1. I'd like the residue in segment A:319-340 that is in contact with a Lys or Arg (Cβ under 7 Å, 6 or more places away or on another chain) and in a strand (DSSP E or B) and, out of all such residues, is surrounded by the most Cβ atoms within 10 Å (Cβ to Cβ).
2. For the list (1) more than 9 Å from chain A (Cβ to nearest Cβ); (2) on the phi < 0 side of the Ramachandran plot, I need the number of the one condition that B:Gly70 fails.
3. Of all residues in segment A:96-116, which are open to solvent by 20 Å² or more (accessible area, probe 1.4 Å), part of a helix (DSSP H, G or I) and under 23 Å from A:Ile167 (Cβ atoms)?
4. Would you tally the residues in segment A:278-296 being among the hydrophobic types (A, V, I, L, M, F, W, C) and within 8 Å of chain B (Cβ to nearest Cβ)?
5. Does segment B:223-232 hold any residues that are within 14 Å of chain A (Cβ to nearest Cβ) and touching a Gly at 6+ places or on another chain (Cβ under 8 Å), and which are they?
6. Would you say A:Gln93 is over 20 Å from B:Leu277 (Cβ atoms) and not in a loop (DSSP other than H, G, I, E, B)?
7. Quick one: A:His64 ticks every box in (1) farther than 24 Å from A:Gly176 by Cβ; (2) part of a loop (DSSP other than H, G, I, E, B); (3) in contact with a helix residue (DSSP H, G or I) (Cβ under 8 Å, 6 or more places away or on another chain) except a single one, so which number is it?
8. Name the single residue, out of those in segment A:278-318 being buried (at least 24 other Cβ atoms within 10 Å of the Cβ) and of a type in the set (D, E, K, R), that is farthest from B:Leu23 (Cα to Cα).
2 protein chains.
Amino acid sequence: MSVVAQVVKKFINDPDNVVPEALAGVAAAHPGLVRVDLENQLVLRADAPVQRKVGLVSGGGSGHEPLHGGFVGAGMLDAACAGAVFTSPVPDQMGAATRAVDGGAGVLHLVKNYTGDVLNFRMAAELAEDEGIDVQSVVLDDDVAVQDSLYTAGRRGVGATVLAEKIAGACAESGGSLVEVADAARKVNDRARSFGVALSSCATPASGSPIFDLGPDEIEVGVGIHGEPGRRREKHASAHDITEMMLDPILEDLKPASGSSVLAFVNGLGGTPLIELYLLFNEVNRQLGDRGITIGRSLVGNYITSLEMAGASITLLVLDDELTALWDAPVKTAALRWGA
Amino acid sequence: MSVVAQVVKKFINDPDNVVPEALAGVAAAHPGLVRVDLENQLVLRADAPVQRKVGLVSGGGSGHEPLHGGFVGAGMLDAACAGAVFTSPVPDQMGAATRAVDGGAGVLHLVKNYTGDVLNFRMAAELAEDEGIDVQSVVLDDDVAVQDSLYTAGRRGVGATVLAEKIAGACAESGGSLVEVADAARKVNDRARSFGVALSSCATPASGSPIFDLGPDEIEVGVGIHGEPGRRREKHASAHDITEMMLDPILEDLKPASGSSVLAFVNGLGGTPLIELYLLFNEVNRQLGDRGITIGRSLVGNYITSLEMAGASITLLVLDDELTALWDAPVKTAALRWGA
């Protein structure tokens with residue numbers, strides 16, 4: 001059943017100016033932490049470039065906040081490139097970010113697997129290499145919902161991006177080489193899987209109307225962070241059953257050994273209240289326990305969102321001592337902060 | 001114009017069991033930080049009671065997360081009492097919390113000004129005093145939107161509660177006496193004012209339907225955190241104009257001296273994307289600048305919410321050196337953390 005599209009009200013001035021105005025807000029809110037290059041739409045660590053530290057650059061379409069700008073700071077990203085809403089940044093932005101964070105130890109690009117992002121980051125990396133900057137790239141593709149999708153060849157990159165930014169960021173902060181920092185990010189991608197479910201659509205500021213239709217009793221199982229279709233439409237179900245719909249394909253693909261310890265990340269897509277995310281976390285905890293898997297670390301909240309979409313995703317990362325230590329290391333960003 | 005009520009989809013199992021299941025999730029997600037008393041629906045600091053430290057207790061209806069359970073931990077609350085959604089906790093819960101956090105230096109109750117909360121906390125305080133626990137209470141009433149409201153005599157308590165919990169918590173952590181800690185909270189309430197605007201309604205898990213109707217082009221100016229009516233309905237407007245609608249009554253009541261430095265808190269009501277909150281923060285920064293007021297500290301995000309309501313509130317707190325130092329002091333909670 002299709003629902004008549006309604007205008008979604010937003011706090012904006014000009015639909016074409018949402019990203020720069022929000023970035024100006026970020027600059028005003030976090031003056032000691034970041035600086036903003038408005039021309040290139042970059043959020044930069046205030047003290048970038050940090051000499052002799054590997055620089056970490058990520059970026060992508062806007063509308064997923066706090067990803068990526070909220071993760072810029074000591075122990076995580078050195079720069080985030082903001083594209084238009086749900087649109088890849090351009091190579092020039094990525095090149096400017098790469099130059100701005102190059103402290104002589106090379107720069108790592110952390111790229112979510114969407115065709116535009118991958119192509120543009122590749123072009124930026126080639127240009128930077130021509131300028132003598134050593135660049136490596138790691139592409140995140142943790143979403144097990146679909147093999148290929150509307151905007152990707154292969155799986156989409158979602159929640160593991162947050163974990164890779166934190167863990168690779170900690171590795172860089174502790175003096176890791178470019179190869180070591182890239183390996184840390186790859187290790188996260190190898191050991192993490194995600195799956196998302198939408199209860200509602202979302203609307204870009206440019207259109208103001210829901211980007212897809214969901215019936216009043218339908219959910220989108222396996223949804224992407226731009227509202228891309230998932231595996232199937234289902235009737236709305238209990239939190240218990242929805243958690244199972246998410247955990248089953250994650251565990252089938254990840255195949256963690258019984259007795260494994262995981263980082264369990266329950267992420268809100270933007271419009272779901274925190275009380276429901278904690279209720280989902282309780283389900284995740286119980287259902288993993290039933291399967292002999294322990295939650296060693298956790299993250300619950302809105303970290304990689306899809307504007308005001310009601311929905312959630314689960315990401316599991318199989319921990320080891322190295323990943324746990326890097327996760328626990330101090331971090332100081334607008335959206336993730338501890339020990340600093 | 002009225003919109004036909006639609007069922008709002010939620011991640012729940014049983015509408016009557018949402019709060020306990022979410023609290024079990026909080027316990028599972030933050031084992032080193034808090035412990036949860038499921039029988040009394042309390043979130044307690046893991047190491048409570050802290051001997052010779054003033055204990056801080058707050059609480060209220062659920063549905064405003066992370067308030068209050070997300071603010072339990074070192075440097076902020078010792079306990080949070082969770083009522084049913086949008087319903088005051090009962091005196092027994094508050095009494096159990098008071099006993100659990102009493103380390104011999106007395107206990108402060110931080111109470112948002114809603115009739116149920118005020119009466120129940122008063123009863124709990126009297127019972128605790130009878131048991132020999134020294135209790136003081138501070139009632140927060142920072143919302144300038146309406147003088148009396150659906151659930152209050154006098155103004156409602158909203159965003160200043162978060163600031164008072166942080167600042168009084170820091171005072172307690174640094175060894176402040178019960179009188180000093182209560183004075184710090186009162187000082188926050190005296191120097192802070194708030195105002196909220198809703199772009200959409202929200203639905204409790206029990207009803208599943210929007211608790212009020214807003215036309216597709218209407219906003220509720222001065223809304224309360226339970227969807228209580230505000231001052232008036234208006235046509236939806238630009239972020240610039242809505243910010244002015246919020247700042248004008250705040251500044252009219254607060255009357256900060258030109259040259260004042262404020263903590264500016266732009267709070268999401270639950271369903272508004274972070275990109276819009278930062279865009280609003282940019283407006284707040286510009287409009288305060290035009291009036292000769294400087295933002296000395298900031299907080300942007302979903303901290304005192306109204307389930308999935310789309311909307312935002314602004315709270316301004318006039319800073320001085322003491323408040324700034326207490327704000328900057330280390331805090332270690334699920335929702336607010338720095339320096340620890």
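1. Here the answer is A:Val331.
2. Exception for B:Gly70: condition (1).
3. Of everything in segment A:96-116, just one residue is open to solvent by 20 Å² or more (accessible area, probe 1.4 Å), part of a helix (DSSP H, G or I) and under 23 Å from A:Ile167 (Cβ atoms), namely A:Ala100.
4. Total meeting the criteria: 4.
5. Matches in segment B:223-232: B:Val223, B:Ile225, B:His226.
6. yes
7. If we test A:His64 against (1) farther than 24 Å from A:Gly176 by Cβ; (2) part of a loop (DSSP other than H, G, I, E, B); (3) in contact with a helix residue (DSSP H, G or I) (Cβ under 8 Å, 6 or more places away or on another chain), just (3) comes out false.
8. A:Glu308
The values are calculated or read from the model by the stated rules, or taken from the named source; none is laboratory data. This structure is a prediction, so every number in the text was calculated from the model and none was measured. Here Cβ is always computed from backbone atoms with ideal geometry, including for glycine, and neighbour counts include all displayed protein chains. The accessibility values were calculated without ligands, DNA or RNA, using every heavy atom of the protein model including side chains. Shrake-Rupley method; radii C 1.70, N 1.55, O 1.52, S 1.80 Å.
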